[in-house]
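Engineer: Here you go, one structure.
The values are calculated or read from the model by the stated rules, or taken from the named source; none is laboratory data. Fair warning: this is a prediction, and the values are worked out from it, not measured in the lab. Cβ placement follows ideal geometry from the backbone for every residue including glycine, while neighbour counts extend to all protein chains displayed. In case anyone asks, the SASA skips ligands and DNA or RNA and just uses the protein heavy atoms, side chains included. Shrake-Rupley method; radii C 1.70, N 1.55, O 1.52, S 1.80 Å.
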Amino acid sequence: QVQLVESGGGLVQAGGSLRLSCAASRPTFTISTMAWFRQVPGKEREFVARLTENGGMIAYADSVKGRFTISRDNARNTVYLQMNSLKPEDTAVYFCAGGRVVSTRQNDYKNWGQGTQVTVSS
């Protein structure tokens with residue numbers, strides 16, 4: 001089991017940027033796939049981005065392509081989500097997840113953080 005702790009959320013105006021961080025309790029190179037999901041009240045958690053332990057197999061949701069960038073620093077046991085050109089519809093609680101398979105499905109991830117709120121004002 002690994003503990004994941006997100007940080008970096010907050011309130012930002014539309015068009016602004018935020019960088020989310022996810023710190024893991026054990027070396028991230030031991031976690032096959034790291035991902036970000038997001039959830040708004042009343043909706044299912046949705047996939048945002050993922051990458052594998054070597055920084056490959058990167059995938060993004062269509063809604064964030066070209067605006068968000070996922071990366072990882074295995075030396076710091078941390079995964080990042082750089083979010084640029086934010087829109088009000090990006091408002092959600094963002095969750096970090098770790099798993100053994102390369103997937104965009106939340107059920108494939110067994111380790112989750114507590115989430116961090118991102119609010120984008122118009």
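Engineer: Once the dipole of region 5-103 is set up with Lys and Arg at +1 and Asp and Glu at -1 on Cβ about the Cα centre, which of 20, 41, 93 lies farthest towards its positive end?
Structural biologist: Most positive-ward Cα: 20.
Engineer: Counting only heavy atoms of the protein chains, get the accessible area per residue of the chain (1.4 Å probe) and round it to a whole Å² value.
Structural biologist: 51 Å²
Engineer: So, one more: Could you compute the FRET efficiency for residue 17 and residue 39, with r as their C-beta to C-beta distance and R0 at 22 Å, rounded to 0.05?
Structural biologist: Numbers: r = 21 Å, r/R0 = 0.96.
Rounded to the nearest 0.05, the efficiency is 0.55.
Engineer: Here is a follow-up. I'd like to compare 13-21, 88-96: which one has the highest average count of other Cβ atoms within 10 Å, and what's the full order after that? Walk me through the intermediate numbers first.
Structural biologist: Details: 13-21: 14.9, 88-96: 19.4.
Packing proxy ranking, top to bottom: 88-96, 13-21.
Engineer: Once neighbouring chains are kept in place and the probe is 1.4 Å, which whole percent of the accessible area of the chain is contributed by carbon and sulfur?
Structural biologist: 47 percent
Engineer: Right, another one. Assign unit charges at the C-beta atoms only (+1 for Lys and Arg, -1 for Asp and Glu), then state the dipole size of region 1-71 relative to its Cα centre in Debye, rounded to the nearest 20.
Structural biologist: About 80 debye.
Engineer: Right, next: Could you check the spin-label model distance between residue 52 and residue 121? Points 7 Å from the Cα along Cα→Cβ, value in nm.
Structural biologist: For residue 52 paired with residue 121, the spin-label model returns 4.3 nm.
Engineer: Another question, if that's okay. Could you order peptides 31-38, 4-11, 59-66 by the average number of other Cβ atoms within 10 Å of their residues, highest first?
Structural biologist: Packing order, densest peptide first, comes out as 31-38, 4-11, 59-66.
Engineer: Okay, next question. Taking a point 7 angstrom from the Cα of residue 85 along the C-beta vector, which residues in region 1-23 have backbone N less than 20 Å away?
Structural biologist: Only 12-20 pass the distance filter.
Engineer: List the relative contact order of region 1-82 as a percent without decimals, with contacts defined as Cα pairs under 8 Å and 6+ residues apart.
Structural biologist: 29 percent
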